Structure formats: C-alpha cells, structure tokens
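Single-structure report; data block below.
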C-alpha cells in the first residue's frame, strides 16, 4: 500500500510523527511526502502523477484549506486529520465574532474528506453533531506515542532532592497554565515541591506575570525546547501535569503530553474530563481532580505524600501505552480505516 502525506505544512507535527513512525515499521506500507506549494503548475502535475501511484491521501492536522485544493487535483480517497475545529478554537479564545466564518472553514473540508479522523470519541460526537456529518466516515484514532522517542530513563537520585512537578505545552487556553501557576502559589510554603514549566505560547506572558506578582520561588519557566529534548526533561519529573482549562475543548481531548508522560512511565495529574476517561481510569493509571487551583495543589501534595500511588499509576500507564497505544498499534488502526473504506467501496460497486 502507498499513502501520500501532503499538506502545505505540519508534516512534522506530533500526531503525524506517531503515525509515520508506526507505518515505517510495517514493511508492506510506503509513505510518500509532498509539501504543497499552492499555485505551482509543476507541483499540480506532480500531485496528479502521485495520484496515479498511491492508494490513499492523508492531509495532516490544521490544514483545513488544503482539502479542497487536493480534492480538485486528485481522485483517490482523502483522509483528513484536522485535530482541531477552527470554530471551537475561536470559541476557546473568546473570539466569538469569528465563529460564523470559522464554522464554514470547518464544515467544507470535513464534508469533502472521505475519512475524517478525530482524536477522541468526544471530539467525534461533537464533529458529527455540530457539522451534520455522516457518522460512518468519522473515525476515532487515539494519538498514542512513539515508544522509541519517549521512554523511561532512570532518574538520578540526589540527597534531599526536590519533588519535581513538571508540565510542557504550547500555552493555549485549554491547558489552563494560569491555574498551574496558582497551584504553585498555594504550595509556596512547601519548599520540597518545585515546578518545572516547559514551552511557550499565547498564555505564557500571563503565567509569568502571575508568578512575578506572587514572587514565586518554586517555579521555573524553561521556554520552548526542541522536540528531542522533551524525553530527558520529562524523565526528571516526579509528577506530570496535564491540562486544566475551562473550555469545551479541554473536556474533549487527551493531550499529546499525557501520552508522552505515560510512555515514559510517569504518573499524570490532570483535569477530570469525559475525554481523558475514554482511555484512562482514575486512580488506576492516572490521577484526576477538578481544575480549581487549590484542588490541584491539594492533589499534588497528597500524591507527594503517597509515592507508592505515584509508582503504581505510573507503571500501569506505561503498560497501557506500550501495549495498546504505541506507534505501531496506532498505525495499524490507521490502516484499518483505509481497508474498511476500500471494502465498502468495492461492495458498493458490486451492488
């Protein structure tokens, strides 16, 4: 089977990395990549030529505007993996005046795709209902993790070492990083607890301002780091933090970071949501709480005082990811959607 991965950008986003990492370990599959330069006559010719060679076409996250373009110049089935709804994202940011146009920027490519991927069943239900989609073509593919990139490295123990609470993210509203900083404020009188915050983005300035306002000495902002640096940094954490935002989307997703933490063998504390409980079970392989900063702080303190619970949940989370949601298992599910579409298409033609 040959699959064309194409889009103007984002062929290196985490979601795509996991799928490609799995596919490259399946001998009978070949992935061809083409970064789009819209308007190029030479590339249109190349796209049409590749269309003759491949079985399916995959368009990566965030590339809503590429679906119509690719559909115009190809004939093979298209799987679109939006990962987000532009409409829901603007709702998250409170930019309500943009919602009508963003709705159509979602609906048109969602309808044109032959297969539409979502990252959770909660997201799937939202897409189907909000955009009036054929439920048969909307498929849930959990993100998983590349087990070769995220793995356990023995933490070096030091005498009187601090209990490190770690987070990494892109500082978008659904992550609730301001609540994490406020949780650090509530724990400022516990000198053994220290927060390591990795990443940059929309809400970073606000997070830093809060830390400065409260003169917090128990938190460090690393800023943005390279993807390859994440594994060794996360390995230094004693407890990992997921997301704590108030938005609708925060309740629907399982963030990349939770998969990564689990693959490394770390215990995660995150907001109690429908999305997260699709794969994880409270107090078995994940710790959950509401997203009130005091509740987050209390949960961190309780976990610190019960290291055996952290170890037990961390091991269970690692087992779950490495057996069911590693890159190969994700890729197999991905291919299964293509096979199902091919079978249904053949049956329809026969009828």
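The values are calculated or read from the model by the stated rules, or taken from the named source; none is laboratory data. All of these numbers come straight from a predicted model, not from anything done at the bench. Counting neighbours? That spans all protein chains shown, and the Cβs are built from the backbone with ideal geometry, glycine included.
Laid out as a table, the results:
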quantity	calculated
The listed residue being assigned by TED's automatic domain parsing to the domain that holds residue 116, farther than 14 Å from residue 78 by Cα, surrounded by 12 or more Cβ atoms within 10 Å (Cβ to Cβ) and in contact (Cβ under 8 Å) with a residue 60 or more places away in the chain, out of 29, 35	29
Number of positions in the stretch 34-43 that are within 23 Å of residue 16 (Cα to Cα) and either in a loop (DSSP other than H, G, I, E, B) or over 31 Å from the mean Cα position of the chain (by Cα) (or both)	3
Selection count where residues are farther than 13 Å from residue 266 by Cα and surrounded by 18 or more Cβ atoms within 10 Å (Cβ to Cβ), scope the stretch 279-293	6
Residue in the stretch 121-129 that is over 21 Å from the mean Cα position of the chain (by Cα), more than 20 Å from residue 246 (Cα to Cα) and not in a strand (DSSP E or B) present	yes
Of the criteria (1) without any contact (Cβ under 8 Å) to a residue 60 or more places away in the chain; (2) surrounded by fewer than 21 Cβ atoms within 10 Å (Cβ to Cβ); (3) outside the structural domain of residue 138 (by TED's automatic domain parsing), which one residue 258 fails	(2)
Qualifying position, being assigned by TED's automatic domain parsing to the domain that holds residue 264 and either touching a residue at least 12 places away in the same chain (Cβ under 8 Å) or under 26 Å from residue 19 (Cα atoms) (or both), among 170, 68, 125	170
Number of positions in the stretch 201-223 that are at pLDDT 95 or above and under 17 Å from the mean Cα position of the chain (by Cα)	0
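Table: residues versus (1) out of contact with any strand residue (DSSP E or B) (no Cβ under 7 Å at 6 or more places or on another chain); (2) more than 30 Å from residue 121 (Cβ to Cβ); (3) part of a loop (DSSP other than H, G, I, E, B).
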| site | (1), (2), (3) |
| --- | --- |
| 139 | no, no, no |
| 143 | yes, no, yes |
| 154 | yes, yes, yes |
| 201 | yes, no, yes |
| 212 | yes, yes, no |
| 230 | no, no, no |
